[in-house]
Amino acid sequence: MPAMADRPAYSFDPGPPPEVIRFFRGKGVRDSFDFDEIEPEEHAVSFAAAKATKADVLLDIRAAVEAAIAEGQTLETFSANLTPILQAKGWWGKTLMEDPLTGEDRFAQLGSPRRLRTIYNANLRSARAAGQWERIERTKKLLPYLEYRLGPSERHRPAHEAKAGMILHVDDPFWDEWMPPNGWGCKCWVRQITRAEAERRGISPSPKVPDTVWENSRTGQVQIVPAGIDPGWHRNPGKLRLQGVEAVLGDKIDLLPPDAQTAALRDMATSWRVKRILSDGAPGQVPIAALDTDIAARLGAETRLINISAATAEKQTLHHSELAPEDYARLVDLLATGRAVAQSETHLAFVGRDADLPWIAVVKRTLDRREVFLVSLYKSASARYVDRLIRRGEIWRD
């Protein structure tokens, strides 16, 4: 099959599609000493940078990557903004660090122009691919096939070059592992096409891709990795995240690991389903957050999931029109860390710990105990009001 070098399938000017930034913003943070410590499934839900073991440094890098994605920054702008911040905190150049796995001191490369280029490229390309997968799933009835394309690199990996021009159905298992990028520096991409074009050009047989055995030098774990894909890049992050959303919709959130639960709920809170309810008054209801297990039990609810409905959206528009759909992603953290204050047998308020103008969410369980709904989300401008709300209720979590 001939190689097909082509232009990249996207541009970050004037900015990425909303699915791209939503994918990245839904991630938590995960400190690590080495990239190999993190499984591919974790990369879909957590942001990490090797050797960034201090929370403030990791958060600075994450914030810079988020700004680069949201604003369509070039590598040069990203590096120019982040370099002085990391240098001021001492996260630059080579230094002796204790390896937490062995306890030995090792020379470790912290920040450098090359490290920042790797962080920039890896995160922007994987976020773009995950966002694209969400759109692929949403539009696959009209565009049910994908074509594997090569990027603009001067030289291509032989395994990637061999797949150039391959056309397979969106649901083919091949894309579970081979949704690009497929390694460090990989610029491959996919093009979504109609059934008519796929049939005209020829649908490829589902390939039998050989596997290779890879032993993780950090953990000693042995994994089977498709030949031609760098270890750690052999999972489709967009598909993994959508599986998390499906678990929420199927009331199976407890089957997900904690970080995946958080990412799935943030994805739901900023999904097109929720935006349609909030912006267009669409009928129905969808999950938007979840209660801690202990609090759900104390509330007497038979489910942890909190739904948002058209009725809530109507009240929110009337009383809190200043809120944007993206603000509802705050619910996940607010319910996890805020003060929980019972207002009645069925109503529970969560008060944020912000020193100034805290966020407040109120939820209620139905009388039959089968469902929990969001009643309101708002930011209070009155310290007296917040104090009264707390004093008049029963504090379940301080």
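Below are the figures for this structure:
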quantity	calculated
Where trypsin sites (Lys or Arg not before Pro) fall in DSSP loop in the stretch 139-168, at most 10 other Cβ within 10 Å	K141, R155
Cα-only Debye scattering, the stretch 104-157: base-10 log of I(q)/I(0) at q = 0.23, 0.26, 0.32 Å⁻¹	-1.02, -1.09, -1.17
Hz values of 3J(HN,Hα) by residue in the stretch 346-354 - Karplus curve (6.51, -1.76, 1.60), Gly and Pro given as x	10, 10, 9, 9, 10, 10, x, 9, 4
Long-range amide H partners of I306 with built H, under 5 Å	I288, A289, A290, L291
For M97, M166, order by how many other beta-carbon atoms lie within 10 Å, fewest first	M97, M166
Solvent-free Debye scattering, log10 I(q)/I(0), computed from the Cα coordinates of the chain at q = 0.07, 0.08, 0.12, 0.15 Å⁻¹	-0.38, -0.50, -1.06, -1.39
Exposure proxy ranking, count of Cβ atoms within 10 Å, fewest first, for H156, H347	H347, H156
Calculated [θ] (222 nm, deg cm²/dmol) that DSSP helices of n ≥ 4 give over the chain, each run adding -39,500 (n - 2.57)	-11500 deg cm²/dmol
Stokes-Einstein D for the stretch 290-363, Kirkwood Rh over Cα pairs, 4 °C, 1.567 mPa s (µm²/s)	98 µm²/s
For the stretch 18-201, fraction of C-alpha pairs farther apart than 24 Å, in %	46 percent
Karplus-derived HN-Hα couplings along the stretch 147-156 (A = 6.51, B = -1.76, C = 1.60, θ = phi - 60°), whole Hz, x at Gly and Pro	10, 7, 10, 8, x, x, 5, 5, 10, 10
Against the rule of thumb 2.2 N^0.38 Å, how large the Cα Rg of the stretch 270-397 comes out	1.00
Isotropic mean projected area of the C-alpha convex hull, the stretch 99-219 (nm²)	10.1 nm²
Inverse of mean 1/r across different Cα pairs in the stretch 176-281, Kirkwood, Å	17.1 Å
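FYI, it's all coordinate maths here, none of it is from the lab. None of the values given here were measured: they were computed from a predicted structure. FYI the Cβ positions are ideal-geometry reconstructions off the backbone, even for glycines, and counts take in every protein chain you see.
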